[in-house]
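Novice: One structure is given below, represented as structure tokens, and several questions about it will come after.
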Amino acid sequence: MSRDHVSHADLVRFADERVNLKRDDAADLRAQANRLRDRLETYLAEHPDFALRKMMLSGSLAKGTALKSISDIDVGCYVSSDSAPDKISDLIDWLAKKLETAFPNFKPEQIKRKTYSVGVNFITTGNEVDIVPILYAGDPQWRGDLVSQDTGEKLMTSVPMHLEFIRKRKTANDKHFAQVVRFVKFWSQLIKQQDENFRFKSFMIELIVAYLADRGLALSDYPSALGKIFAFIANDDFETAITFADYYNPATCAATGAPVRVWDPVNNKNNVSALYTRQNKEKIVEAALDAGDAIDSALRAITKGDTVRYWQKIFGPTFNV
Ligand SMILES: Nc1ncnc2c1ncn2[C@@H]1O[C@H](COP(=O)(O)OP(=O)(O)OP(=O)(O)O)[C@@H](O)[C@H]1O
Ligand SMILES: [Mg+2]
């Protein structure tokens, strides 16, 4: 039986060794972001009229879905919408200047203006904290207008609501939700390395896994869960609009002819995959079909060598047991 050759437990071990950001490393990176947040709080206590309101860790480090290969630390910076400039390039420059004021011990070259965000570089560790502005007018649930990192467009969002959405799924599938997400992200990252036209945003992966888990997909057995996720993507061909009823009625999602519809759970006007073309979609579907076939073959293979080779089609040559 090929499950004797590569079992759920083998995938758990592989995840610990190669896929997941280690707990201690995650804690170090979080601590770096939190130091910035705390320094801003200290500055705000003395300068209550300063237009920056709050920094919040967002992204995979906040959600517990980061890969070992994590590159940046995502932080949302809430800024008072009535004092921030409207034009994106002015907004970014303004935010960078504000950060220079609040963090005077950073050298100017450590604070980098990017197209839609400001990068703060920690020289000692080489990590970059990517600070994304969110225009804020006082909503108690911290809804505000996020500057989209894809288009620079302003999109209503809320960092705490996104985190709460993911936390609910993690609670429903303790350990397994985050682990299955990390496996799918790892798979997608390997394909990205081989094909620069392959796109599959981490947030989309999380939402698709959440959608399936909400509908009863068991995540606790990884070979089976992954097989079913790939089969869903391959068979569904993105015909289904991925929506959630946590914060709005899914029937109210804006009409769109977009080939891929994965709706932001906190904003029914924001299709997270609005920029995905038919070709982007086809590449994901084709890759999912291949991955699903590889899992089927791995589960049927007779020898250990064959079983491992099939899993390597999904997780690359570093996969071993
Ligand atoms: N199109 C979008 N619309 C609204 N919010 C988004 C969108 N894309 C990303 N986000 C927000 O940014 C966060 C980070 O998502 P993203 O897909 O960029 O990477 P990540 O979860 O940090 O994963 P990793 O960096 O490990 O690839 C999401 O949790 C979500 O809150
Ligand atoms: Mg990230």
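The values are calculated or read from the model by the stated rules, or taken from the named source; none is laboratory data. Since this is a predicted model, take the numbers as computed values, not measurements. Because the Cβ atoms are built from the backbone with ideal geometry, glycine has one as well, and the counts that use them run over all protein chains shown. Surface accessibility is based on the protein's heavy atoms, side chains included, excluding ligands, DNA and RNA. Shrake-Rupley method; radii C 1.70, N 1.55, O 1.52, S 1.80 Å.
Novice: Roughly how many debye, to the nearest 20, is the charge dipole of the chain about its Cα centre, given +1 on each Lys and Arg Cβ, -1 on each Asp and Glu Cβ, and no other charges?
Specialist: For the chain, the charge dipole is close to 380 debye.
Novice: Right, something else. Which value, in debye to the nearest 20, gives the size of the charge dipole of the range 143-280 about its Cα centre, when Lys and Arg are +1 and Asp and Glu are -1 at the Cβ?
Specialist: Charge dipole of the range 143-280: 240 debye, to the nearest 20.
Novice: Report the net charge of residues surrounding GLY138, where surrounding means a beta-carbon distance below 15 angstrom and charges are Lys +1, Arg +1, Asp -1, Glu -1.
Specialist: -1
Novice: Dipole size in debye (nearest 20) for the range 215-321 around its Cα centre, Lys and Arg Cβ +1, Asp and Glu Cβ -1?
Specialist: Taking the Cα centre of the range 215-321 as origin, the dipole is about 120 debye.
Novice: State the answer as a single residue: which of MET55, TYR78, THR124 lies farthest towards the positive end of the charge dipole of the range 1-155, with beta carbon charges of +1 for Lys and Arg and -1 for Asp and Glu, about the Cα centre.
Specialist: In the range 1-155, that residue is THR124.
Novice: For the chain, with all protein chains present and a 1.4 Å probe, just round the carbon and sulfur fraction of the accessible area to a whole percent.
Specialist: It is 48 percent, rounded to a whole number.
Novice: Could I ask something else about it? Please give the length that would be gained between SER224 and ASP28 if that part of the chain were fully extended, namely 0.36 nm times their separation in residues minus their C-alpha to C-alpha distance (nm, one decimal).
Specialist: 67.2 nm
Novice: Where the centroid of each part is defined by its Cα atoms, how far is the range 123-161 from the range 208-247 in Å?
Specialist: For the range 123-161 versus the range 208-247, the Cα centre distance is 27 Å.
Novice: Are there any trypsin sites (Lys or Arg not before Pro) in the range 21-93 that are in a DSSP loop and have at most 12 other Cβ atoms within 10 Å? List them by number.
Specialist: LYS22, LYS87
Novice: Here's another thing I want to ask about it. Could you tell me how far the Cα centroid of the range 254-286 sits from the Cα centroid of the range 73-99, in Å?
Specialist: Comparing the Cα centres of the range 73-99 and the range 254-286, I get a distance of 28 Å.
Novice: Could you give the accessible area per residue of the chain, probe 1.4 Å, as a whole number in Å²?
Specialist: For the chain, the solvent-accessible area averages 47 Å² per residue.
Novice: So what's the back-of-envelope 222 nm ellipticity for the chain, counting only DSSP H runs of four-plus at -39500 (n - 2.57) apiece and dividing by all residues, rounded to 500?
Specialist: After summing the helix terms and dividing by the residues of the chain, the value is -15000 deg cm²/dmol.
Novice: Straight-line reach from LYS107: which lysines have a Cα under 27 Å away, not including same-chain ones fewer than 8 places off?
Specialist: LYS54, LYS87, LYS97, LYS98
Novice: Below 15 angstrom from the Cβ of VAL285, what's the summed charge of the other residues (Lys, Arg +1; Asp, Glu -1)?
Specialist: Residues near VAL285 contribute -3 overall.
Novice: Further question on the same structure: If Lys and Arg each add +1 and Asp and Glu each add -1, what is the summed charge of the other residues whose beta carbon sits under 14 Å from the beta carbon of PHE165?
Specialist: That sum, taken over residues with Cβ under 14 Å, equals +1.
Novice: To the nearest 10 square angstrom, what accessible area does MET55 show with a 1.4 Å probe?
Specialist: 10
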